[in-house]
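Read-outs throughout are calculated quantities, based only on the coordinates presented, and are distinct from any laboratory measurement. Please read these numbers as outputs of a predicted model, since none were measured by experiment. Heads up, the Cβs are rebuilt from the backbone with ideal geometry, glycines too, and the neighbour counts pull from every protein chain shown.
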Amino acid sequence: MNDTSSPATAVAPVKWWDTLKVYGQPASLRMLALGFAAGLPLLLVLGTLSFRLREAGIDRSTIGHLSWVGLAYGFKWAWAPLVDRLPLPLLTPWLGRRRSWLLLSQLAIMAGLAGMAWQDPRDGLTPLVVCALVVAFASATQDIALDAFRIESADARLQAALAASYQTGYRLAMIWAGAGVLWIAAHQEAVGQSGYQQLAWQAAYLVMAASMVVGLVTVAFSHEPAPVAIAPARNVGEWLQSAVVAPFADFWQRHRWHAVLVLSLIAVYRISDVVMGIMANPFYVDMGYTKEEVAAVTKVYGVVMTLLGAFVGGAMALRWGVMRVLMIGALLSALSNLLFAWLGQHGHDVTALIWVISADNLSSGIASAAFIAYLSSLTNVQYSATQYALFSSLMLLLPKFVAGFSGQFVDAWGYEAFFISTALLGLPVLGLVWLASRAEK
């Protein structure tokens, strides 16, 4: 039995101030800006779009089904090997493997958001959905390259801190893509008119498209991570073996039977939050909250609470270990959904909304920081883009599919039953986290 208290093996605890200084390092600051570029598109094709569609009179069932646009994020593993290994003509020799894919995907996001700006959902949803799909696929591609960029930019010990910085930038973008777009739309509305106004939403989405410049500038002035040595392929079959088969085979060889448990945990960890989130904005509209109230409480104050949770979660993971924080985050995320059921009984009550958003977003931030660090720890740096894409895709695939039926559930059973059901979806997660933590010992 080892004596862990002996001078030879004892490790001095990291001081809180030394822990927090990591957030001022260049790698963390880059991830702050790139996290902003990653977080901007998501709400604009899911959360904010659902608010826009509900205001335009689109029914809840249709809004729920349109959330399947987000399944693009759940299948990004399918083209991740290309992003991981395939060089882009002109761009890759100039910028490097990671930054070239980042730049291309960011330009596509800007184009897709501009297209969404010009489409009026009352005239038909098909053109708007096509543009949203462009944004979703380009955003998923950006995530693939960005996750690899983050993992390759620092060692494993700093991944929790980089995840927290990434989450900070991500959540700041969500303030802008959530509150900012609502404020812009509200202030662009014609005086004396009520209901949906296309010109107001058009202006808001064009501003969002222009905001992707933050990502473009960061990519331009960032350093490409040191490339991982890759043996050149002699033919297409050898390339497919190294780029497609090897990343998945490597994961199974390293984890063996534990791989099934890990993948199961990844598949359901965020299911409570994702399924609930699709109906959150329609819920606010139906409860009579104004654009300004939703923007201030859920998109600004709420994101600040998420940021606080992300920093707390990242620091807790450094001190206590990722698995303990995963358990805490899973429990809090499930319990916080019950508060929305309580909120539904209060109708239009801004004070109650503030309390619910405080608890829900703090829990989400803690869970997200720990979960990203957990996913990062599972990757082999040789296949970082492909393996992380597999994990993050799996994280969203089942929740996004289930969320597509959320509108039908609300129409049939009401909001209160819906929120309670999403909380119950989190119960199996607690058991899987416990099993995964036991398997690691």
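Rounded to the nearest 500 deg cm²/dmol, what is the calculated helix-only ellipticity per residue at 222 nm for the chain, with -39500 (n - 2.57) per DSSP H run of length n ≥ 4?
Working: 26 runs with 321 residues, N = 441.
For the chain, the value works out to -23000 deg cm²/dmol.
Any chance you could get the radius of gyration and Dmax over the Cα atoms of region 264-367, in Å?
14.2, 43
How would you classify region 57-104 from its alpha-carbon gyration tensor, with a ≥ b ≥ c the square roots of the eigenvalues: rounded for a/c under 1.5, else prolate if a/b is greater than b/c, otherwise oblate? Let's see the in-between values first.
Numbers: a/c = 5.93, a/b = 2.82, b/c = 2.10.
In terms of gyration-tensor shape, prolate.
In terms of Cα to Cα distance under 14 Å, which aspartates and glutamates are near enough to Lys299, apart from those fewer than 8 places away along the same chain?
In chain and number order, the partners are Asp360.
GNM, the chain, Cα, under 10 Å: largest mean-square fluctuation among Gln188, Gln241, Gln106?
Ranking Gln188, Gln241, Gln106 by mean-square fluctuation puts Gln241 first.
For the chain, list the DSSP H helices whose alpha carbon atoms reach 30 Å or more along the long axis and whose average Kyte-Doolittle value is 0.5 or above?
26-45, 97-118, 126-153, 322-344, 350-377
If you average over every viewing direction, what projected area does the convex hull of the Cα atoms of the chain give, in nm²? All intermediate terms of the calculation are to be shown ahead of the outcome.
Values: hull surface 91.0 nm².
Quarter of the Cα hull surface area: 22.8 nm².
How do Met395, Met316 line up, fewest other C-beta atoms within 10 Å first? Walk me through the numbers before you get to the answer.
Details: Met395 23, Met316 19.
Final ranking by Cβ density, sparse to dense: Met316, Met395.
Along the Cα→Cβ direction, 7 angstrom out, place labels at Ile354 and Asp286. What is the inter-label distance in nm?
2.6 nm
Quick check on region 79-226: take the gyration tensor over C-alpha atoms, sort the square-rooted eigenvalues as a ≥ b ≥ c, and tell me if it's rounded (a/c under 1.5), prolate or oblate. Mind showing how you got there, number by number?
On the way: a/c = 2.71, a/b = 1.83, b/c = 1.48.
Here region 79-226 falls in the prolate category.
Treating cross-link reach as a plain straight distance, find the aspartates and glutamates whose alpha-carbon is under 13 Å from the alpha-carbon of Lys400, omitting any fewer than eight places away in the same chain.
Lys400 reaches Asp273.
Dipole of the chain (Lys/Arg Cβ +1, Asp/Glu Cβ -1, origin at the Cα centre): which of Leu362, Trp413, Gly115 lies farthest to the positive side?
Final value for the positive-end residue is Leu362.
Sort Trp94, Trp201 so that the residue with the fewest other Cβ atoms within 10 Å of its own Cβ comes first and the one with the most comes last.
Values: Trp94 10, Trp201 27.
Taking fewest neighbouring Cβ atoms as first place, the list is Trp94, Trp201.
Starting with the fewest neighbours, write out Tyr289, Tyr166 ranked by other beta-carbon atoms found within 10 Å of each beta-carbon. List each step's numbers first, then the result.
Values: Tyr289 20, Tyr166 29.
By the 10 Å Cβ count, ascending, the order reads Tyr289, Tyr166.
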